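Below is one structure, written out as structure tokens; comments come after it.
Each value in this text was obtained by applying a stated rule to the coordinates, not by laboratory testing. Just so we're clear, the structure is a prediction, and the values are computed from it rather than from any experiment. Neighbour counts are summed over all protein chains in view; Cβ atoms, including those assigned to glycine, are modelled from backbone coordinates with ideal geometry.
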Amino acid sequence: MKDIANMAAFLGAGFAVGLGAIGSGWGIGNAVVGAARGMAKQPSRNFALFRSMLINQAFGSNASIFALVIGILLWLKGGSKLDAPDSLAQAAAYLSAGLSIGIGALGSGIGSGLVAQDSLEAIARCPKAESRVSLMMFIAQAWCQTPCVFAFVVSILLMYVVGNNFNVLTDEQNIVAAGRALGMGICMGAGAIGPAIGIAFVGAKACQGATNSPEHLQNIRNSFFVGAAVSESTTVYALVISLLMMGGFAD
Amino acid sequence: MDATQSLVEAIEKFAPAIKSAAALVGAGICMGFGAIGPGVGEGFAAGKACEGISRRPEEYSQLFRTMLIGQAVSESTGIYSLVIALLLIGKAG
């Protein structure tokens, strides 16, 4: 088929931005839910809550910005002249790049909203603990973006590292390479959803714990770090499997 | 009828390649979707443990131990997915 890779790049751009915006929208909205509840509880902390809400919203939009970047890059690829526009493998690589970041951004956006809501309510409940809760919030927000960063890296690899030398493949090699590229993207994309939500759930509860008992903060921090690190393990498995599949392109 | 005939012929012609490609896509789906459940489950266990520690700080050691055991059991399905994905990649050659 002529220009199938260009078509796949446009389709991938649509998947990237379309799916990638779902989680972030939910997360950014949840930050406002937390801020509104907090303001109702503590009208005197209006300004501090508003400031914290804006920071949380900036973290929440992070995942969809990654998706937007990949979407724009794929859109530019779709409009340009490609090395192997009729190759099935090239088409699968571009479609898969879009799917990877699109599905991968879901979890980080939702997770960011969980952390935002609980940390804002914690600040409203105990205004004296604002600095402790904010520190915990920053760590949790940054940590729940890591699966999305892995998905972004895999998308970039699929677009720029994998997408070479497809014009010299035979038909058989082309079909196998297409399966390889598609598997890589789906593996990393779907693998990023669960751990991001899990890490964010731990972080949200740790933010709430930071207000309750300041003298036991060390214990809460310990269990937060250990629990979140164990949650992260499955996304690392997904990254390892997609990098292993990528290694097969060298053959 | 002609289209179906040629499709069947094409599938027969490229059967080994299609088999490898399907194994690789299957490995990706296996590890990707297999990672969702353990990730959420472990996070839920650790989150509730944090909540419990903030409520009853004196029970820290017991709560922490329960959290670790619960997470290790949740992890098992993720490891099954990892093993199956590695087997499928080996199958694809």
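Cross-linked pairs A:Lys2/B:Lys13; A:Lys41/B:Lys48; A:Lys205/B:Lys91; A:Lys77/A:Lys205: Cα-Cα separations exceed 32 Å for A:Lys205/B:Lys91; A:Lys77/A:Lys205. Counting Cβ atoms of other protein chains within 10 Å of each residue's Cβ and taking the mean over peptide A:217-230 gives 6. Taken one residue at a time, the phi angles of segment A:125-134 give Karplus couplings (6.51, -1.76, 1.60, θ = phi - 60°) of 6, 9, x, 5, 8, 4, 5, 5, 5, 5 Hz. Gly and Pro are set to x. With both labels modelled 7 Å from their Cα along Cα-to-Cβ, the A:Val161 to B:Glu12 distance reads 4.1 nm. Largest first, the three principal axis extents of the alpha carbons in segment A:77-147 are 63, 18, 15 Å in whole numbers. Just checking the listed ones, A:Leu135, A:Leu99, A:Leu11: in the Gaussian network model of chain A with Cα springs under 10 Å, the one fluctuating most is A:Leu135.
Extension gain, A:Arg51 to A:Ala229: 0.36 nm times the residue separation minus the Cα-Cα distance gives 61.2 nm. With 10 Å bins from zero, work out the P(r) of the protein assembly as shown over every alpha carbon pair and list the percent per bin. Going from the shortest bin to the longest, the percentages are 7, 25, 27, 20, 12, 6, 2, 0. Mean per-residue shielding of peptide B:52-62 is 4, counting Cβ atoms of other chains within 10 Å of each Cβ.
Remark: A:Val115, A:Val17, A:Val33, A:Val162 ranked as A:Val33, A:Val17, A:Val162, A:Val115, counting other beta-carbon atoms within 10 Å and listing the fewest first. Only aspartates and glutamates eight or more places from A:Lys81 in sequence, or on another chain, were considered; those with a Cα closer than 13 Å are A:Asp3. Look at the stretch A:235-247: the mean tally of other chain Cβ atoms within 10 Å of its residues' Cβ atoms is 5. In terms of its Cα atoms, segment B:19-92 spans 57, 14, 8 Å along the principal axes, sorted from long to short.
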